[in-house]
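Just below is one structure, and these are the notes that go with it.
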Amino acid sequence: MPQTNGVVSLYLKDFRSYGELVLDTRAQIIVITGENGRGKTNLLEAVSLLSPSKGIRKAKTTDLPKFGSKSWGVSAGVLHSIHGDLQFGVGDLGEETPKKIIRMNGETLKTHQDIGKMITQLWLTPAMDRFVVDAPSGRREFIDHIGWTFNLEHATHISTYEHAMKERSKLLKDGVRDKIWLESLEKTIAQMGVAIVSWRETVLVLLKKIIAELLIPSGFPRFELNFEGDIETLIQNKSALEAEAFFQEKLGLSRELDAIKGGSSMGPHRSDLSFLFCPKNTPGYLCSTGEQKILILGLVLSSIKLLELKSQGVPLLLLDEVIAHLDPIYRRILFDQIKNLKVQTWMTGIDIKDFQDLRSHSIYFSP
Amino acid sequence: MFGQEIQQLIFLLSRFPGLGPRSGRRLALHLLKKKETTLLPLIHTLQRAAEAVKVCSECGNLDTSPVCSICTSTKRDSKVLCVVEEISDLWALERSGEYHGRYFVLGGKLSAISGVKPEDLKIPFLVNKIKTSGITEVVLALNPTLEGQTTLYYIRECLENLPLKITGLAHGVPMGGELDYLDDATLTTAMMRRQVV
């Protein structure tokens with residue numbers, strides 16, 4: 001089996017349903033199968049905690065120890081294309097104040113963000129089944145997550161934008177109409193807003209290239225992605241500086257309306273990522289459940305490939321119960337894509353027979 | 001476990017900036033164990049500081065006289081004024097020994113969410129002081145945060161039509177710093193504003 005960058009060993013101690021577990025995971029695809037309640041998703045969650053986030057369940061550290069234990073730990077050997085063999089540890093020592101600690105080669109990382117530079121993860125869970133039709137914020141956050149993984153400035157722009165927007169809203173709500181103060185905040189909002197939208201567009205162009213050059217030629221159904229919003233329209237016709245000036249002027253003119261409605265009716269926080277399922281020329285929100293699953297899989301697969309190409313971290317793809325809504329044809333297409341991606345992928349499912357087509361690239365585990 | 005006096009001492013110490021319950025306990029124990037050499041001299045010093053230290057009426061610095069030694073010094077350049085957010089920033093710049101002008105301490109930064117308004121920062125007083133004191137350069141040494149930069153822009157706008165040079169601090173690689181340990185935003189700014197050497 002070819003050696004793939006990724007997790008090569010996993011050790012769990014008092015984590016969720018596991019007292020102690022040692023796994024050899026030297027494979028491109030790790031398939032975890034078993035009946036409900038056997039701890040399949042717990043394993044994916046353990047891997048997902050090798051990141052700055054709270055993992056696939058967004059759980060608190062106090063929810064993670066096995067019943068009866070205060071501490072928990074997840075340790076992983078990782079093969080990295082540049083740094084070679086690395087050892088990561090994530091856990092809580094069970095002290096007075098619960099605290100997640102992340103270590104790399106035995107040293108505690110100063111910030112949790114540092115692990116994100118070494119391991120970049122994407123996951124798809126049943127909780128994301130309605131991704132295409134749910135509130136636009138989830139779709140924006142997904143693209144933003146991709147965006148800042150290889151451009152940290154994007155994260156700074158978003159936090160500054162949100163902070164400035166909150167400051168402006170508070171001034172307007174409190175009836176403060178200090179022209180200079182508001183102008184200062186609106187200038188920042190406009191600069192950050194245009195920068196955010198421009199970077200999202202850059203990410204989308206890169207994703208479209210991967211979809212066109214990698215996914216579609218190997219049989220994935222054709223689909224389109226587009227960002228829609230006022231600022232997106234603006235930057236198509238104007239330079240960045242002109243767009244900033246126009247956006248700032250609009251903010252200045254809409255102060256009274258924004259004071260009543262709260263927030264702002266214009267800006268990257270109003271943008272939305274739309275899908276088009278080309279075989280039926282149908283917008284994503286009108287597609288069947290299976291077609292929506294294919295759309296989001298297309299987005300996730302192209303995104304992990306983009307991260308593999310652009311970031312220096314080891315890419316990991318976690319797919320929890322993804323084949324549930326897929327017919328045999330779509331399953332085969334998905335499996336072909338996963339094999340072609342050459343990114344370590346962790347998958348869960350009920351029946352091992354469903355994953356037989358992956359056997360040349362996989363190791364199987366049943367908790 | 002402790003008497004009320006010790007509990008109160010630990011509580012007060014643990015509320016100091018940078019301290020918590022554990023360091024509060026450690027500090028209290030240290031003070032109580034070294035009563036003669038540490039605790040009593042500290043009480044005496046605190047008492048004297050409370051009575052003697054005043055806020056400078058000109059710049060907002062702390063000193064034992066109503067107008068601080070920086071504002072009264074004839075060796076300092078009275079035509080250059082450096083605006084900082086906090087007294088700790090003033091002390092930091094003084095440690096560098098590089099700046100020889102005078103200061104103005106805002107006492108914070110504009111923040112709608114925290115309810116800090118221009119009047120709270122004495123900005124109208126600052127503008128009036130600049131207009132009437134023959135100042136030729138204002139250095140806005142404010143932090144590169146959203147609130148810091150909003151405050152900078154606000155003051156700059158208030159001073160817009162005055163015959164002044166308005167400057168800000170440079171951003172970039174710190175002395176002794178290693179590039180590998182710098183955050184991406186600092187590195188990007190440093191690269192964008194690179195200089196001929």
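The values are calculated or read from the model by the stated rules, or taken from the named source; none is laboratory data. Here the structure is a predicted model, which means the values were calculated and not measured. Because the Cβ atoms are built from the backbone with ideal geometry, glycine has one as well, and the counts that use them run over all protein chains shown.
The figures follow:
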| quantity | calculated |
| --- | --- |
| Selection from segment A:220-229 of residues that are of a type outside the set (F, W, Y) and surrounded by 13 or more Cβ atoms within 10 Å (Cβ to Cβ) | A:P221, A:R222, A:E224, A:L225, A:N226, A:G229 |
| Wholly within segment B:1-116, helices (runs of 4 or more DSSP H) carrying at least 2 residues that are touching a Lys or Arg at 6+ places or on another chain (Cβ under 9 Å) and among the hydrophobic types (A, V, I, L, M, F, W, C) | B:4-14, B:69-72 |
| Candidate set from segment B:134-168 (those that are buried (at least 21 other Cβ atoms within 10 Å of the Cβ) and part of a loop (DSSP other than H, G, I, E, B)); member that is farthest from the other protein chains (Cβ to nearest Cβ) | B:I135 |
| Candidates A:G94, A:G73 - the one that is under 21 Å from A:L43 (Cβ atoms) and over 21 Å from the mean Cα position of the chain (by Cα) | A:G73 |
| Which listed residue is away from every other protein chain (no Cβ under 12 Å) and farther than 15 Å from A:V197 by Cβ, from A:S137, A:S159 | A:S137 |
| The lone exception for A:W181 - which of (1) more than 14 Å from the chain's Cα centre (by Cα); (2) surrounded by 15 or more Cβ atoms within 10 Å (Cβ to Cβ); (3) not in a helix (DSSP H, G or I) it fails | (3) |
| Residues that are more than 21 Å from the chain's Cα centre (by Cα) and crowded, with 21+ Cβ neighbours inside 10 Å, drawn from segment A:267-286 | A:G267, A:F277 |
| Residues located in segment B:152-191, provided they are touching a strand residue (DSSP E or B) at 6+ places or on another chain (Cβ under 8 Å) and touching a residue at least 24 places away in the same chain (Cβ under 8 Å) | B:I155, B:L159, B:L164, B:K165, B:I166, B:T167, B:G168, B:L169 |
| Segments classed as strands (runs of 3 or more DSSP E), wholly inside segment A:8-127, with at least 2 members that are polar (S, T, N, Q) and touching a residue at least 60 places away in the same chain (Cβ under 8 Å) | A:119-124 |
| Check on A:D92, away from chain B (no Cβ under 14 Å), modelled with pLDDT of 90 or more and touching a strand residue (DSSP E or B) at 6+ places or on another chain (Cβ under 6 Å) | yes |
| Check on A:V343, closer than 30 Å to A:M104 by Cα, of a type outside the set (D, E, K, R) and assigned by TED's automatic domain parsing to the domain that holds A:P52 | yes |
